1. So, in the range A:44-59, exactly how many residues are without any contact (Cβ under 8 Å) to a residue 24 or more places away in the chain and touching a Lys or Arg at 6+ places or on another chain (Cβ under 6 Å)?
2. Which of the residues spanning the range B:121-151 are outside any helix (DSSP H, G or I) and within 28 Å of the chain's Cα centre (by Cα)?
3. Looking only at the range B:221-235, count how many residues are more than 9 Å from the chain's Cα centre (by Cα) and more than 18 Å from B:V284 (Cα to Cα).
4. Does B:T201 qualify as being of a type outside the set (A, V, I, L, M, F, W, C) and within 14 Å of chain A (Cβ to nearest Cβ)?
5. Of the residues that sit in the range B:127-147 and are over 12 Å from A:E257 (Cβ atoms) and charged (D, E, K, R), which one is nearest to the other protein chains (Cβ to nearest Cβ)?
6. Looking at the range A:136-147 only, could you name the residues that are more than 23 Å from A:L119 (Cβ to Cβ) and open to solvent by less than 60 Å² (accessible area, probe 1.4 Å)?
7. Please indicate, with yes or no, whether at least one residue in the range B:248-269 is without any contact (Cβ under 8 Å) to a residue 24 or more places away in the chain, surrounded by 15 or more Cβ atoms within 10 Å (Cβ to Cβ), at the interface with chain A (Cβ under 9 Å from one of its Cβ atoms) and aliphatic (A, V, I, L, M).
8. Within the range B:44-62, does at least one residue satisfy the condition of being under 26 Å from the mean Cα position of the chain (by Cα), within 30 Å of A:R159 (Cα to Cα), among the aromatic types (F, W, Y) and surrounded by 16 or more Cβ atoms within 10 Å (Cβ to Cβ)?
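The values are calculated or read from the model by the stated rules, or taken from the named source; none is laboratory data. Note that this is a predicted model, so its numbers are computed, not measured. Virtual Cβ from ideal backbone geometry, glycine too; neighbours counted across all protein chains shown. Remember, those area values only see protein heavy atoms, side chains included, never the ligands or the DNA or RNA. Shrake-Rupley method; radii C 1.70, N 1.55, O 1.52, S 1.80 Å.
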Amino acid sequence: MKARSAVHPGQIVLYAVVILMALFCVVPFVIILASSMTRETDILTSGYNIYPKHFDFSAYRYLFQRMDVVLTGYKITGLVTVVGTIASLAISAMLAYPISLRRLKYRNFISGYVLLTLLFNGGMVPWYIICVKYLHLHNNLWALILPSLVNGFNIFLMRNYFSSIPEEMHESAKIDGAGEVRTLWSIVLPLSVPVFASVGLFIALAYWNDWWLGLMLIDKTELQPLQLLLRTIVSNVDYLANSSILATSIDQMVPREGVKMAATIITIGPIIFLYPFLQRYFVKGLMMGAVKG
Amino acid sequence: MLRELTKNKALYLMTLPAMLFLLFFNYFPMAGIIIAFKNFNLSNGIFASPWMHPLYENFRYFFTSDNWVRVTRNTILLNLLFIFVGTCVNVGLAILFNEIKSMWFKRTAQSLTLLPYFISWIVVGVFAYNLLNYEHGMVSELIAKFGAEKVDWYARPEAWPVLILIIFVWKSVGYNSIIYLATLTGIDHTLYESARIDGATKLQQIRYITIPLLRPTIVVLTLLAIGHIMNSDFGMFYSLVGDSAQLYPTVDVIDTFVFRSLKGSGDMGMSAAANFYQSVLAFVLVYFSNRVARKYESGSALF
């Protein structure tokens with residue numbers, strides 16, 4: 001850089017600021033990762049750091065010895081994410097498709113019905129009572145899936161994409177004798193892969209990261225989603241020891257701070273791992289949404 | 001009407017599942033908002049519980065406590081602070097990204113700034129605790145290294161509006177700058193070329209081309225954000241502040257207050273009244289901000 005006289009000082013400032021911003025966003029992740037691999041005594045004497053002074057994996061070892069607890073959380077969140085995402089995509093598309101058709105007479109009424117849910121909401125108190133008293137979702141695994149299954153924003157995102165598909169395409173299918181469901185499945189769906197990928201990613205991320213539904217509706221610890229399990233472990237490391245049926249050793253010195261950090265890494269691990277592959281679809285979806293709403 | 005319904009029977013039937021879900025989880029709670037005027041007990045449910053005597057009794061209770069002033073003030077002021085500073089940082093970063101010529105550098109930097117958006121507020125809460133806790137927090141350690149007194153952040157309410165602001169920017173800057181960047185990538189490059197030929201400096205180009213072109217997006221996004229002030233991000237406040245009652249004076253918002261009265265103290269009358277107050281204010285704000293946004297640029301608002 002120095003040798004090239006063409007480099008404008010403004011350019012250096014530009015790159016420096018962007019690098020600082022990127023570091024600002026990433027450093028907390030590095031601290032957690034480093035702390036999860038640091039000898040416990042180092043954390044206790046000199047605090048968290050961005051690199052481990054002495055590598056030590058006893059936090060992970062401790063966690064893996066009590067893997068059954070973490071696995072329960074993983075299973076619940078995994079199940080909720082998979083079932084929730086598929087069901088949500090299907091049900092949303094089934095509403096978004098009809099209201100994307102100009103020939104459907106009452107489509108504006110249905111759009112209005114969806115729109116109103118974005119403008120007004122009753123708030124958490126009546127929502128909570130409806131869920132508990134009338135829908136019997138308290139301590140029920142469905143509580144983690146059903147309440148957030150349909151979201152107006154996703155429906156409008158899909159509708160906008162569907163309406164960009166020329167309706168003559170549907171007509172040709174109809175001449176071939178296909179019904180409406182068939183048309184959606186074999187004509188519209190293959191043409192709408194990008195919107196399904198992006199909206200599916202939004203939904204899956206929301207389910208994976210969700211803890212609000214668990215916080216409101218789940219009290220049983222064995223039904224806790226991963227995020228709440230993490231919170232439980234962070235606020236009480238002994239929870240792991242008490243609820244695991246695998247590990248029996250009691251005398252073992254517990255690397256408390258390390259275990260909290262290792263649990264965090266295990267919670268965000270799948271997201272960080274998939275992030276490079278998924279990010280592109282996410283940004284695309286974001287741009288689709290940015291055009292409207 | 002019947003003819004239309006039978007003619008397109010399949011299409012209308014398809015919409016039913018989603019319509020039912022919205023009915024259960026959105027429309028029933030809307031109707032349930034009348035709970036604010038009821039003497040609620042769980043066995044009777046929302047609709048069979050007796051009305052309050054007088055009807056506004058729950059509200060009298062809510063408005064005579066000091067709580068409503070505090071949570072309303074915090075909700076509005078904090079969100080205005082987040083919107084103002086957030087917009088400046090987001091637009092700034094988008095402009096910087098737009099100036100970067102190296103594609104891989106731009107893409108890498110963008111990926112790194114977007115990363116925090118992908119993790120939950122619970123995890124962010126752990127991060128924050130990591131940096132700020134008194135015994136081993138990194139910020140405390142750094143301060144100690146420079147010889148100053150360690151700070152117990154969780155006992156300093158006055159610091160939290162700024163701390164939450166920083167965390168808010170940290171989590172959302174990557175996401176929001178992409179939206180602005182999407183607007184910028186659509187700009188006709190000949191505009192810059194002709195400006196350069198006329199001898200405009202880089203800063204002048206940003207000042208007189210980029211920012212004016214971004215203005216509609218800035219205005220619309222700001223308006224829509226103002227519309228959502230009342231529904232402030234519960235997850236952010238809940239996971240960062242949690243049960244640290246010492247911090248309530250500056251960072252307790254309507255959402256966290258309603259949640260605490262509902263799940264914590266089980267004070268149904270108080271939480272129902274606060275909930276009603278929040279829903280009505282939220283609706284008014286969403287409605288008018290969308291109206292204004294539509295006037296400013298048609299097609300930008302929800303309706």
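1. 1
2. B:N133, B:G137 - these are the residues of the range B:121-151 that are outside any helix (DSSP H, G or I) and within 28 Å of the chain's Cα centre (by Cα).
3. Matching residues across the range B:221-235 total 1.
4. Working: of a type outside the set (A, V, I, L, M, F, W, C): yes; within 14 Å of chain A (Cβ to nearest Cβ): yes.
When the stated conditions are applied, B:T201 passes them.
5. For the range B:127-147, the residue satisfying everything is B:E141.
6. Once the filter is applied, which keeps residues that are more than 23 Å from A:L119 (Cβ to Cβ) and open to solvent by less than 60 Å² (accessible area, probe 1.4 Å), the range A:136-147 yields A:L137, A:N139, A:N140, A:L141, A:A143, A:L144, A:I145.
7. yes
8. No, the conditions are met nowhere in the range B:44-62.
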